[in-house]
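Remarks on the structure that follows.
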Amino acid sequence: VAMVAVSLGFQCCENLIYIFVYNNKDLVTEVAVLISRSLFPIHPLCAAIQSIGVIRQKLERDQSIGIGRILFPALMLHGTYDFTIMLLSFLSQLANDDGNDDDEVNGDSKLALVYATIGLFSSCGFVIAGVFYYVVESGKQLSRLESIDKARTFLGVKA
């Protein structure tokens with residue numbers, strides 16, 4: 001719970017940075033960026049995935065779980081998510097560029113709409129894949145923790 005709470009705070013700060021630092025557009029664009037970044041809870045999902053590894057290492061006492069195995073699934077999910085979104089955003093900006101140096105945006109670009117749509121569906125796909133991975137891994141962990149709980153003894157007497 002603590003890892004997810006911290007990730008929500010980080011996501012809030014990161015969303016504000018994306019709105020006020022990296023976005024030099026109008027209010028409508030700032031609100032759209034805020035909504036689109038808030039719809040996909042990638043940070044809490046990655047924190048929940050990492051918590052599975054931490055619990056496996058600490059509570060289950062699995063010494064084969066190192067920091068790399070704890071971080072790798074979340075890093076891959078978050079990294080591919082960010083890379084895809086940034087690449088599609090870059091391609092969308094290229095499609096919107098009308099060739100002028102005054103940074104005027106051409107709103108009639110169908111290619112930019114295609115990139116935005118791909119970005120929306122890929123974001124949904126990454127979140128769904130992350131949730132699926134979390135559900136599968138947490139189910140496995142639950143059964144491991146239940147077996148540990150059944151085998152637990154206190155002063156030689158099974159609990």
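The values are calculated or read from the model by the stated rules, or taken from the named source; none is laboratory data. Just so you know, these numbers come straight off a predicted model, no measurement behind them. Here the Cβ is made from the backbone with ideal geometry for all residues, glycine too, and neighbour counts use every protein chain on show. Each accessible area value is taken on the protein alone, full model and side chains, heavy atoms only, with ligands, DNA and RNA left out. Shrake-Rupley method; radii C 1.70, N 1.55, O 1.52, S 1.80 Å.
Residues are listed down the side, and each one gets a yes or a no for (1) open to solvent by less than 70 Å² (accessible area, probe 1.4 Å); (2) modelled with pLDDT of 80 or more; (3) under 20 Å from L39 (Cα atoms); (4) assigned to a helix (DSSP H, G or I):
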position: D82; (1), (2), (3), (4): yes, yes, yes, yes
position: A95; (1), (2), (3), (4): yes, no, no, yes
position: D101; (1), (2), (3), (4): no, no, no, no
position: A129; (1), (2), (3), (4): yes, yes, yes, yes
position: S138; (1), (2), (3), (4): yes, yes, no, yes
position: L142; (1), (2), (3), (4): no, yes, no, yes
position: E146; (1), (2), (3), (4): no, yes, no, yes
position: D149; (1), (2), (3), (4): no, yes, no, yes
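None of I55, I35 is modelled with pLDDT of 80 or more and assigned to a helix (DSSP H, G or I) except I55. Of all residues in the stretch 1-35, exactly one satisfies the criterion of being hydroxyl-bearing (S, T, Y), within 30 Å of E137 (Cβ to Cβ) and over 13 Å from the mean Cα position of the chain (by Cα), namely Y18.
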